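The values are calculated or read from the model by the stated rules, or taken from the named source; none is laboratory data. In this text the structure is predicted, and so the values were computed from the model without any measurement. Cβ placement follows ideal geometry from the backbone for every residue including glycine, while neighbour counts extend to all protein chains displayed.
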Amino acid sequence: MKDIGRRNHKIGAKQLAMFLDVRCNKFRMSEEFKNYLRSHREPKHDELVERLAEFFRNEGYSCRIELPVEYRNIQGRIDLVCEKDNDVVIIEVKSAKLINFCLSDLFQLAIYSFLYFHKFIEAHSNLGKELRAYIAYKLLETQASNNIIMLELEINEEFLQFMKNLLDKILDGEKIVTEAFVPGYYCRFCDRDDCPFLGGIING
C-alpha cells in the first residue's frame, strides 16, 4: 500500500477501507479473490441495491445508483444515494449477511460519507442538507422483503472533520499502520508470497 500517498495515483475507497481495517501495510488483495467477488457477489449485490432503491422511490425519494465520488486521489462509487428535499441518504450495500460484518465495511461507509459531503454538499454550499449513512446487510438467505437490516453511522461536524484529517494524513504519506507483516483474517485474501506467516495462517 505504499502507493496510497503518491501524487496522481488513484486509490479506490474500498481498497483504502480494507487497508484501514487490516492494519497490515503489506496487504495486497489477490486476483483470485477479486474474481470471486465479481462472479459470486455482484448479482446478489445489484438485486439488493434495486430493492432498496425501489423502497425509497416509493417514499418519494429520487435515487442514484453507483454515484461517483472523489477526494484528492481517492475515488469510489456509492451504491445508492437517495434524496428528498434536504434529506440525503447514502447506503453501502453488502450482499453478505450481518454475521459477516467487519470493520472495513464501516470504514468504507465512513469514507464514502466524507467523499459525498465534500463533493455535493460542502463544494456547493448546501450545508442545510441532512446527511444520513447506512450499511445494508441481509439477515438470512431468503428473498423476503423484510430480509434487509440497515445499520446507521452517525454523521456530524466532528465526524466529517475527523475523516478529513485522517484521509489527508494518509494521502500526505504519514504512517498510520506498521510496516511489518501483521497476521489476521484477511491473510486468506492476500497474495504476498513473502509473508513469514504464510504457512501457519493460510495453510495451517
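For this structure, a couple of remarks:
- Residue in segment 91-98 that is of a type outside the set (Asp, Glu), closer than 16 Å to residue 132 by Cα and either touching a helix residue (DSSP H, G or I) at 6+ places or on another chain (Cβ under 6 Å) or not in a loop (DSSP other than H, G, I, E, B) (or both) present: yes
- Given (1) modelled with pLDDT of 90 or more; (2) farther than 23 Å from residue 101 by Cα; (3) assigned to a loop (DSSP other than H, G, I, E, B), index of the condition residue 118 fails: (3)
- The single residue among 79, 85 that is out of contact with any strand residue (DSSP E or B) (no Cβ under 7 Å at 6 or more places or on another chain), of a type in the set (Asp, Glu), closer than 22 Å to residue 51 by Cα and at pLDDT 90 or above turns out to be 85.
For (1) buried (at least 16 other Cβ atoms within 10 Å of the Cβ); (2) closer than 21 Å to residue 109 by Cα; (3) modelled with pLDDT of 75 or more, each residue gets a yes or a no:
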site	(1), (2), (3)
134	yes, yes, yes
186	yes, yes, no
195	yes, no, yes
200	no, no, no
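- Selected residue (only one of 67, 48, 109 is farther than 27 Å from residue 190 by Cα and not in a strand (DSSP E or B)): 48
- Note on segment 66-104: residues that are among the acidic types (Asp, Glu) and surrounded by 21 or more Cβ atoms within 10 Å (Cβ to Cβ) total 2.
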